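The values are calculated or read from the model by the stated rules, or taken from the named source; none is laboratory data. All values reported here derive from a predicted model rather than from experimental measurement. Neighbour counts are summed over all protein chains in view; Cβ atoms, including those assigned to glycine, are modelled from backbone coordinates with ideal geometry.
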């Protein structure tokens, strides 16, 4: 095989390496919780099934944890699967809190899945998801 043919073959394979990159949502999750495998259960994600105004979508995350020094939630992370930047927010918690609960409002432009992850002090990661439809988008393009 000539040098020219090898160079052409190498250039032809170059775009495939870019295609093989990790999914942005999975990359954002790994950046937040490392290599831990999220487990379903022990966490509740409350959002309306349909948001009339995508500019102010209420969201509540509640984790079943005693919030003691021995067992507590250290962080809650939120992700939106169709956002250009999937990570919405991260909240740090301590055992000094009475409950492992956060409430906030987010902006959404389109229908998508929301993912909530709770990191526990023992290394476990709990996961909950919710589908949400948006009637009128709240993000400007």
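Being without any contact (Cβ under 8 Å) to a residue 40 or more places away in the chain and not in a loop (DSSP other than H, G, I, E, B), is that true of even one residue in the stretch 125-138?
Kept after step one, since they are without any contact (Cβ under 8 Å) to a residue 40 or more places away in the chain, are these residues of the stretch 125-138: none.
Scanning the stretch 125-138, I find no residue that is without any contact (Cβ under 8 Å) to a residue 40 or more places away in the chain and not in a loop (DSSP other than H, G, I, E, B), so the answer is no.
Checking each residue of the stretch 66-78 against the condition of being in a loop (DSSP other than H, G, I, E, B), in contact with a strand residue (DSSP E or B) (Cβ under 6 Å, 6 or more places away or on another chain) and either modelled with pLDDT of 90 or more or closer than 18 Å to residue 131 by Cβ (or both) gives at least one match. Residues in the stretch 65-82 that are surrounded by fewer than 19 Cβ atoms within 10 Å (Cβ to Cβ), free of Cβ contacts under 8 Å to residues at least 40 places away in the same chain and under 19 Å from the mean Cα position of the chain (by Cα): 82 alone. Flag set for residue 105, criterion: loosely packed, with under 13 Cβ neighbours inside 10 Å, in contact with a strand residue (DSSP E or B) (Cβ under 9 Å, 6 or more places away or on another chain) and either in contact (Cβ under 8 Å) with a residue 24 or more places away in the chain or more than 17 Å from residue 55 (Cβ to Cβ) (or both).
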